[in-house]
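Right, one structure below, let's go through it.
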Number of protein chains: 2
Amino acid sequence: MRKEIERLVELDREVKLLAHMGAVLGWDQETYMPPMAIGERAEQIAYLEGLAHEKAVSPEIGSLLGALGSSAENPLGDPSLEPLERAYLRVLRRAYDRETKLPGELVTELARAASLGQAAWVEARAASDFARFRPSLERMVSLQRSKAACLGPGRKPYDVLLDLYEPGNDEASVGAVFSALRAELASLLDRIRGRPQVDDSVVKRPCPEGRQAAISEWLMGELAYDRGRGRLDTVAHPFTSTLGSDDVRITTRFLPEAFASGMFSTMHEAGHALYELGIAPGPGYSRTSLSEASSMAIHESQSRLWENLVGRSSAFWSSRYTRLAELAGPALEGVGLEAFLRAINKVEPSLIRVEADEVSYGLHVILRFELESALLSGSLQVAELPGAWNAKMRELLDLAPPDDARGCLQDVHWSAGLFGYFPSYALGNLYASQLWDAMLAELPGIEARIEGADTAELLAWLRSKVHASGAACLPGELVERATGSPLDPGHFTRYLRAKYAALYGL
Amino acid sequence: MRKEIERLVELDREVKLLAHMGAVLGWDQETYMPPMAIGERAEQIAYLEGLAHEKAVSPEIGSLLGALGSSAENPLGDPSLEPLERAYLRVLRRAYDRETKLPGELVTELARAASLGQAAWVEARAASDFARFRPSLERMVSLQRSKAACLGPGRKPYDVLLDLYEPGNDEASVGAVFSALRAELASLLDRIRGRPQVDDSVVKRPCPEGRQAAISEWLMGELAYDRGRGRLDTVAHPFTSTLGSDDVRITTRFLPEAFASGMFSTMHEAGHALYELGIAPGPGYSRTSLSEASSMAIHESQSRLWENLVGRSSAFWSSRYTRLAELAGPALEGVGLEAFLRAINKVEPSLIRVEADEVSYGLHVILRFELESALLSGSLQVAELPGAWNAKMRELLDLAPPDDARGCLQDVHWSAGLFGYFPSYALGNLYASQLWDAMLAELPGIEARIEGADTAELLAWLRSKVHASGAACLPGELVERATGSPLDPGHFTRYLRAKYAALYGL
């Protein structure tokens, strides 16, 4: 490793150390912090963020990047460098430009608007009154436009924001993928609507928290999630957080009358954690910007893969269902494997994204993608959002939200300034299926091994093809390298068609 | 508040904010952190400590203190300042001199010696082999002498170190108090030895963790510990930690065959937390160095007061024992209030300080005080420590440690560089009794109110007389202001004599 790279690693590690400390404070805030502590905790976190920003914009980083030939036009730097060094420079250049291009006042304004916006959103959602949220959202959209103008002057604002979460993607490329996806999902939903509905009451019987905790503990073991480097806690809104290179924690929630919800939440978050814990781009790069995820969609591909492709499959449950039924106790008494599999795979369009099934989920995301892009371009005014939302819900899912709480006020993202983030959720499903197909082709008979209670080979494949490289590959590069082709939504739609044809007798 | 003071508050708050963040990281490390995370966590904490030190030695603090007339000789500064401003300057001057007088290399050396020393101590204690710990302790004693020489050139090293924990005290003043205390404790112990021993097997029956947790929850409520600003968790070695001005958390442990241990640990730590949560020296001083404890001994007076003067009293239990017995279940079945009170107040000299009763506890501390003072002055060599320890144990408690693990290797303090800290433990008991007597004189009939299940008046008295002023009073000033006299060990010894005369029929 060159001296300049070594120095960059040193500077970069300080920023990451601060980020990990911020994550400890944030994790504690969501799990165990006493309520009155919130005032000082917000200051503590803001202080660390300010310090991390200060370190991230250090002119020394800019000079070192420049000395190694990395620029906005040629982020990879000098061609004589090692490939991993070049990938590292690209990641650092992205981060450095992002951090230095935003004026301090705009950063502060965005942070304040996010904080006030979330508070206003909580109130507005509780009262199901969009008018209370409208001024905050108007301010936020305007600030997001300013942010995009600073980060990518002359570029389409939505392209700039989307690129923050999905490097290498833009509205047109995502729009093309979503347009194909939308037609497939709509047609599949139509056909399912014509068939008798399955009965999911068997996974909605009361199951006490202690039993649900035991199920989650067991599932973490089945997925080989290393509790020496992580842990599970319960929260209102589950998440995964990286508090250190050997400290990736997951959270879940145990609803007394929906134990399957907590169980899949655990598998979903464990999938995120397995990704983070498997990142190892190369010696010398631990705890650097290279040891981070490739993109939000690749992250989501890993959570969805374990939650859905593994966790809702008959291969996974055929050898494990007996144990689950034991742990669940009376909740699953007298329920057979087939009935259980049907219940956890029920398809039924609903108003709320986070409760959506595998088929309708993508349509929820497409709706948000189209609306946020229209808000950013100005073709949709904030005041028109509730009407536009409801119209799209009818168009895509044939449902009419009875109020804004179950309509355009259901997600926190926009209030927090997360524009361009939603597509990652749907892209994650697409990446997951494409990776899965590549794995099946490379590892013949793997499904039988998963059935035989061994997921180690699957995890090893994901480690080597997806996890290890961290941020060294852009998402597009990663999927090409791992599967041999660019992103193709056909893998996902074929998976859905085959699975639900069997389940619904289509 | 003057402009200069306002600026000092601003600078000071930054240091406190960093300290509180460090406390979050430390608390998490002891409670929930996954084991493999320790490597990076140690770096995270060291980073925050380094940053806090950097901020604490800012020359701007020195200039502002100087501009306000505060110096080593006249720490209170300009006489025209408000009393609270002067008290604040005194606290800041102490901290600033302490932080600036130690050379950076010595700070690093001390930190390394503490870390290596603790590791060596853990090993040596496990093997009960003092020889393994001896080199580390020799190094630590020598470093402590260097530290004392930097902080108080020309002064007796032990005086300098003691003053870090008990400002305004020195070896001679503490020695005089301990000499009176020693004679009284020895004589009381002698008389108790001549009487039939009480039976404490009734508090050693198995009690499951869930029941012990319920007992602790209930006791926190009885002591009016605000769970909106704190919480209880379980650890191997209980402690209290301040993670924010509205975030003071306690910990306890639940031993299956000694439920009383966890119960008193909870009351002890809750006493520490009530102190921290009650500090409010004046408007504008929240989250500053003035909003800290007066001294370690005053801190210990509050934990001991709630643990012993309240928690082992018949007044407290007479109206509450029925509820305790309900919560304890089979563990206290058929055990009456009188038998319970005798059991929790059994006096029996033992080898281990942390398991000592109220009477012999002080003798354990006196032993350490005499030995650490001799180690610092050089009149005792580290190599001679085990022999000196065992000789003093025979002299003070008439016990012969069978090995060093139960002798001079039992405490972590010296390995961590905490010389001059032990006296606080015994002084705390003395302060507690003296404060208690003053309270009884001021609040006639208070014991009946505590019996009637109301500890609010006691807490209010402690808040106004002890807690609120924070670090504005030195411990000597605080006890004089609250009780009208300087520290007088007679309050404690009279309390012990009266209590144990009744219990043991002396």
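The values are calculated or read from the model by the stated rules, or taken from the named source; none is laboratory data. Please read these numbers as outputs of a predicted model, since none were measured by experiment. Methodologically, a virtual Cβ is constructed for each residue, glycine included, from the backbone with ideal geometry; neighbour enumeration extends over all protein chains shown.
Please work out which one of (1) in a helix (DSSP H, G or I); (2) of a type in the set (Gly, Ala, Ser); (3) modelled with pLDDT of 95 or more is the condition B:Ser485 fails and give its number.
Looking at each condition in turn, B:Ser485 falls short on (1).
Is at least one residue of region A:307-328 in contact (Cβ under 8 Å) with a residue 60 or more places away in the chain, assigned to a loop (DSSP other than H, G, I, E, B) and touching an Asp or Glu at 6+ places or on another chain (Cβ under 6 Å)?
For region A:307-328, residues in contact (Cβ under 8 Å) with a residue 60 or more places away in the chain, assigned to a loop (DSSP other than H, G, I, E, B) and touching an Asp or Glu at 6+ places or on another chain (Cβ under 6 Å): present.
How many of the residues in region A:1-49 are in a loop (DSSP other than H, G, I, E, B), without any contact (Cβ under 8 Å) to a residue 12 or more places away in the chain and touching a Gly at 6+ places or on another chain (Cβ under 8 Å)?
Residues meeting the conditions: 1.
Return the residues of region A:56-89 that are crowded, with 19+ Cβ neighbours inside 10 Å and either assigned to a helix (DSSP H, G or I) or among the acidic types (Asp, Glu) (or both); say none if nothing qualifies.
Answer for region A:56-89, where residues must be crowded, with 19+ Cβ neighbours inside 10 Å and either assigned to a helix (DSSP H, G or I) or among the acidic types (Asp, Glu) (or both): A:Ala56, A:Ile61, A:Leu64, A:Leu65, A:Glu85, A:Arg86, A:Ala87, A:Tyr88, A:Leu89.
Restricting the search to region B:466-487, which residues are surrounded by 14 or more Cβ atoms within 10 Å (Cβ to Cβ) and over 19 Å from the mean Cα position of the chain (by Cα)?
B:Glu480, B:Ala482, B:Thr483
Looking for whichever is surrounded by fewer than 20 Cβ atoms within 10 Å (Cβ to Cβ), within 30 Å of B:Ala460 (Cβ to Cβ) and within 21 Å of the chain's Cα centre (by Cα) here; the options are B:Ala214, B:Ala224. Which one fits?
Of the residues listed, the single one that is surrounded by fewer than 20 Cβ atoms within 10 Å (Cβ to Cβ), within 30 Å of B:Ala460 (Cβ to Cβ) and within 21 Å of the chain's Cα centre (by Cα) is B:Ala224.
Sort out which residues of region B:246-279 are part of a loop (DSSP other than H, G, I, E, B) and closer than 21 Å to B:Ala297 by Cβ, and write them in order of number.
Passing the criteria: only B:Ile279.
Could you list, in sequence order, all residues of region B:370-389 that are in contact (Cβ under 8 Å) with a residue 12 or more places away in the chain and within 25 Å of B:Ala119 (Cβ to Cβ)?
B:Leu371, B:Glu372, B:Leu375, B:Leu376, B:Val382, B:Ala383, B:Leu385, B:Pro386, B:Ala388, B:Trp389
Within region A:348-356, can one find any residue that is under 16 Å from the mean Cα position of the chain (by Cα), outside any helix (DSSP H, G or I) and surrounded by fewer than 21 Cβ atoms within 10 Å (Cβ to Cβ)?
yes
Mind checking which residues of region A:119-136 are crowded, with 17+ Cβ neighbours inside 10 Å and within 24 Å of the chain's Cα centre (by Cα)?
Once the filter is applied, which keeps residues that are crowded, with 17+ Cβ neighbours inside 10 Å and within 24 Å of the chain's Cα centre (by Cα), region A:119-136 yields A:Trp121, A:Arg125.
Based on what the data block shows, is A:Gly284 over 16 Å from A:Thr455 (Cβ atoms) and either of a type in the set (Gly, Ala, Ser) or touching a residue at least 40 places away in the same chain (Cβ under 8 Å) (or both)?
Taking the combined requirement at face value, the residue satisfies it.
Residues checked against (1) in contact (Cβ under 8 Å) with a residue 60 or more places away in the chain; (2) crowded, with 20+ Cβ neighbours inside 10 Å; (3) farther than 29 Å from B:Ser286 by Cα:
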{"residue": "B:Ser424", "(1), (2), (3)": "yes, yes, no"}
{"residue": "B:Asn429", "(1), (2), (3)": "yes, yes, no"}
{"residue": "B:Asp437", "(1), (2), (3)": "no, no, yes"}
{"residue": "B:Arg463", "(1), (2), (3)": "yes, no, no"}
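Determine if region B:373-389 includes at least one residue that is within 29 Å of B:Val479 (Cβ to Cβ), within 15 Å of the chain's Cα centre (by Cα) and not in a loop (DSSP other than H, G, I, E, B).
The answer is no, given that none of the residues of region B:373-389 is within 29 Å of B:Val479 (Cβ to Cβ), within 15 Å of the chain's Cα centre (by Cα) and not in a loop (DSSP other than H, G, I, E, B).
Could you pull out the residue among B:Gly69, B:Gly117, B:Gly77 that is in contact with a helix residue (DSSP H, G or I) (Cβ under 6 Å, 6 or more places away or on another chain) and on the phi > 0 side of the Ramachandran plot?
Sole residue among the options that is in contact with a helix residue (DSSP H, G or I) (Cβ under 6 Å, 6 or more places away or on another chain) and on the phi > 0 side of the Ramachandran plot: B:Gly77.
In region B:209-245, how many are part of a loop (DSSP other than H, G, I, E, B) and either of a type in the set (Ser, Thr, Tyr) or within 14 Å of another protein chain (Cβ to nearest Cβ) (or both)?
9
Restrict the check to region A:92-110 and report whether at least one residue is among the polar types (S, T, N, Q), part of a helix (DSSP H, G or I) and closer than 30 Å to A:Glu6 by Cβ.
yes
Could you please tell me which pairs satisfy a Cβ distance under 6 Å, a separation of 6+ or placement on different chains, a first residue in region A:492-504 that is more than 14 Å from A:Ser433 (Cβ to Cβ), and a second residue that is surrounded by 20 or more Cβ atoms within 10 Å (Cβ to Cβ)?
Close Cβ pairs satisfying both conditions: A:Leu503/A:Asn345; A:Tyr504/A:Ile192.
Just a yes or no: is a residue in region B:50-64 within 11 Å of another protein chain (Cβ to nearest Cβ), closer than 20 Å to A:Ala19 by Cβ and either touching a Leu at 6+ places or on another chain (Cβ under 7 Å) or of a type in the set (Asp, Glu) (or both)?
So far as region B:50-64 goes, yes, one or more of its residues are within 11 Å of another protein chain (Cβ to nearest Cβ), closer than 20 Å to A:Ala19 by Cβ and either touching a Leu at 6+ places or on another chain (Cβ under 7 Å) or of a type in the set (Asp, Glu) (or both).
Looking only at region B:137-149, decide whether some residue is buried (at least 17 other Cβ atoms within 10 Å of the Cβ) and touching an Asp or Glu at 6+ places or on another chain (Cβ under 7 Å).
Yes, that holds for at least one residue.
Could you pull out the residue among B:Ser294, B:Ser301 that is in contact with a Cys (Cβ under 7 Å, 6 or more places away or on another chain) and within 22 Å of B:Tyr165 (Cβ to Cβ)?
B:Ser294
Every residue, every condition in (1) assigned to a loop (DSSP other than H, G, I, E, B); (2) surrounded by 14 or more Cβ atoms within 10 Å (Cβ to Cβ); (3) of a type in the set (Lys, Arg), yes or no:
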{"site": "B:Asp163", "(1), (2), (3)": "no, yes, no"}
{"site": "B:Ala176", "(1), (2), (3)": "no, no, no"}
{"site": "B:Ser179", "(1), (2), (3)": "no, no, no"}
{"site": "B:Leu188", "(1), (2), (3)": "no, yes, no"}
{"site": "B:Ile192", "(1), (2), (3)": "no, yes, no"}
{"site": "B:Asp199", "(1), (2), (3)": "yes, no, no"}
{"site": "B:Val202", "(1), (2), (3)": "no, yes, no"}
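Condition (residue is touching a Gly at 6+ places or on another chain (Cβ under 8 Å) and within 12 Å of another protein chain (Cβ to nearest Cβ)) applied to region B:249-269: is it met by at least one residue?
Within region B:249-269, one or more residues are touching a Gly at 6+ places or on another chain (Cβ under 8 Å) and within 12 Å of another protein chain (Cβ to nearest Cβ).
What residue, among those in region A:165-174 that are in a helix (DSSP H, G or I) and in contact (Cβ under 8 Å) with a residue 24 or more places away in the chain, is farthest from the chain's Cα centre (by Cα)? Working first, answer last.
Taking region A:165-174 and keeping what is in a helix (DSSP H, G or I), we get A:165, A:171-174.
Of the ones still in play, those that are also in contact (Cβ under 8 Å) with a residue 24 or more places away in the chain are A:165, A:171, A:174.
On the way: A:Tyr165: 10, A:Glu171: 18, A:Val174: 16 Å.
My answer is A:Glu171.
Residue under question is B:Arg193, and the condition is that it be of a type outside the set (S, T, N, Q), away from chain A (no Cβ under 14 Å), closer than 19 Å to B:Ala343 by Cα and free of Cβ contacts under 8 Å to residues at least 24 places away in the same chain; does it hold?
Yes; evaluated as a whole, the condition is true for this residue.
Within region A:329-340, is even one residue touching a Lys or Arg at 6+ places or on another chain (Cβ under 7 Å), assigned by TED's automatic domain parsing to the domain that holds A:Phe492 and surrounded by 18 or more Cβ atoms within 10 Å (Cβ to Cβ)?
Among the residues of region A:329-340, at least one is touching a Lys or Arg at 6+ places or on another chain (Cβ under 7 Å), assigned by TED's automatic domain parsing to the domain that holds A:Phe492 and surrounded by 18 or more Cβ atoms within 10 Å (Cβ to Cβ), which makes the answer yes.
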